[in-house]
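Engineer: Below are the structure tokens for one structure; questions will follow.
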Amino acid sequence: MTQLPILLSIPHGGRKKPQELEGHLCITNKDLFDDSDPFVVELYDLGNKVQGVVKTEIARAFVDLNRSMQDMPPKNPDGLIKSSTCYQKPIYISNKEPDDSLKTLLIEMYYLPYHRSIEKSLRELDLQLCLDCHSMASIAPGISPDGKNKKRPLFCLSNQDGKTSSDEMINLLADCISESYSIDRSEISLNDPFHGGHITKTYGNNPIPWIQVEMNRSLYLSPPWFDEEVLSVNPEHLKKLNNCFEKSLELFFSKIQ
């Protein structure tokens with residue numbers, strides 16, 4: 001089988017709590033779910049059909065792999081090591097927030113290995129494109145760049161306004177997603193509300209083109225597929241969306257070569 005020449009980065013797919021934070025946490029399972037990119041591994045991971053996949057089990061509420069080393073509270077409560085979730089929900093027991101030594105340990109244990117895996121993939125794989133794969137809330141939370149309660153498109157693709165990939169490439173990917181998921185092209189926005197996060201900005205066109213992909217959670221976290229009581233999604237529906245993603249990449253590479 002010929003693998004697609006692409007690297008998939010899935011930095012927010014985990015929901016696991018680091019054992020190093022035992023005794024520090026007060027976050028509820030629901031708040032942890034809401035702060036994560038739920039089910040994105042099932043949506044985007046194409047296994048050995050692509051050149052590489054980099055993913056994590058650790059939740060972004062504890063270590064956000066799509067932030068720079070300098071992006072920390074209190075300046076940004078939603079930074080690398082957060083002080084609260086994107087919905088302003090508490091993560092830590094009062095006076096049990098990570099101190100500097102614990103923050104350093106978390107970075108060494110979870111943040112740096114993820115980025116080393118990306119760097120290793122860029123050195124060793126035969127790549128033509130990299131995607132940083134995410135989901136987005138259908139309605140923007142308060143700390144979002146598009147403002148609280150704003151309705152979002154079904155997909156947002158971003159390339160730092162043309163800095164991390166060509167405009168031709170991002171438009172072609174948008175066209176292929178529109179066709180493969182059977183959604184109107186107008187439901188796919190470019191660089192709005194997101195422009196591409198730390199991973200896309202850091203590695204984009206350095207030397208491989210990068211595009212950040214955000215899928216609206218309404219495509220799967222809504223009836224009849226989503227059971228809100230147990231926070232589960234019909235696996236057949238997730239598989240269907242995964243197949244659409246695979247089809248969109250196959251279509252993309254058939255047109256770009």
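The values are calculated or read from the model by the stated rules, or taken from the named source; none is laboratory data. Note that this is a predicted model, so its numbers are computed, not measured. Here the Cβ positions follow ideal geometry from the backbone for every residue, glycine too, while neighbour counts run over all protein chains shown.
Engineer: Scan segment 123-146 and report the pairs whose first residue is farther than 22 Å from G14 by Cα and at pLDDT below 95 and whose second residue is among the small types (G, A, S) and surrounded by fewer than 22 Cβ atoms within 10 Å (Cβ to Cβ), with Cβ atoms within less than 7 Å and a gap of 6+ or a chain change.
Structural biologist: Final answer for the pair search is D146/A140.
Engineer: Going through segment 1-44 one residue at a time, which ones are more than 28 Å from G204 (Cβ to Cβ), part of a helix (DSSP H, G or I) and charged (D, E, K, R)?
Structural biologist: Matches in segment 1-44: E20, K30, D31, D34.
Engineer: For segment 179-201, which residues satisfy the criterion of being surrounded by 20 or more Cβ atoms within 10 Å (Cβ to Cβ) and on the phi > 0 side of the Ramachandran plot?
Structural biologist: Within segment 179-201, G196 is the sole residue that qualifies.
Engineer: Among the residues of segment 45-71, count how many are acidic (D, E), modelled with pLDDT of 95 or more and either surrounded by 21 or more Cβ atoms within 10 Å (Cβ to Cβ) or out of contact with any strand residue (DSSP E or B) (no Cβ under 9 Å at 6 or more places or on another chain) (or both). Give the derivation first.
Structural biologist: Here is the first cut: in segment 45-71, the ones acidic (D, E) are 45, 57, 64, 71.
Retained after the next criterion (residues that are modelled with pLDDT of 95 or more): 45, 57, 64.
If we keep only those that are either surrounded by 21 or more Cβ atoms within 10 Å (Cβ to Cβ) or out of contact with any strand residue (DSSP E or B) (no Cβ under 9 Å at 6 or more places or on another chain) (or both) too, we end up with 64.
So the count comes out to 1.
Engineer: Going by what's in this entry, would N76 be described as out of contact with any Pro (no Cβ under 6 Å at 6 or more places or on another chain) and without any contact (Cβ under 8 Å) to a residue 40 or more places away in the chain? So that I can check it myself, show each step before the final result.
Structural biologist: Working: out of contact with any Pro (no Cβ under 6 Å at 6 or more places or on another chain): yes; without any contact (Cβ under 8 Å) to a residue 40 or more places away in the chain: yes.
Criteria met by N76.
Engineer: Let me ask another. Quick one: count up the residues across segment 45-63 that are over 23 Å from N234 (Cα atoms) and in a loop (DSSP other than H, G, I, E, B).
Structural biologist: 4
Engineer: Within segment 209-222, is there a residue that is at pLDDT 95 or above, more than 27 Å from R15 (Cα to Cα) and charged (D, E, K, R)?
Structural biologist: Looking for residues that are at pLDDT 95 or above, more than 27 Å from R15 (Cα to Cα) and charged (D, E, K, R), one finds none in segment 209-222, hence no.
Engineer: Additional query: Quick one: in segment 183-196, which of the residues that are touching a residue at least 12 places away in the same chain (Cβ under 8 Å) and in a loop (DSSP other than H, G, I, E, B) is farthest from the chain's Cα centre (by Cα)?
Structural biologist: Residue satisfying both the conditions and the ranking: I183.
Engineer: Now a separate question. Quick check on E42: is it within 21 Å of D227 (Cα to Cα), modelled with pLDDT of 95 or more and of a type outside the set (A, V, I, L, M)? Walk me through how you get there before you give the answer.
Structural biologist: On the way: within 21 Å of D227 (Cα to Cα): yes; modelled with pLDDT of 95 or more: yes; of a type outside the set (A, V, I, L, M): yes.
It is true that E42 is within 21 Å of D227 (Cα to Cα), modelled with pLDDT of 95 or more and of a type outside the set (A, V, I, L, M).
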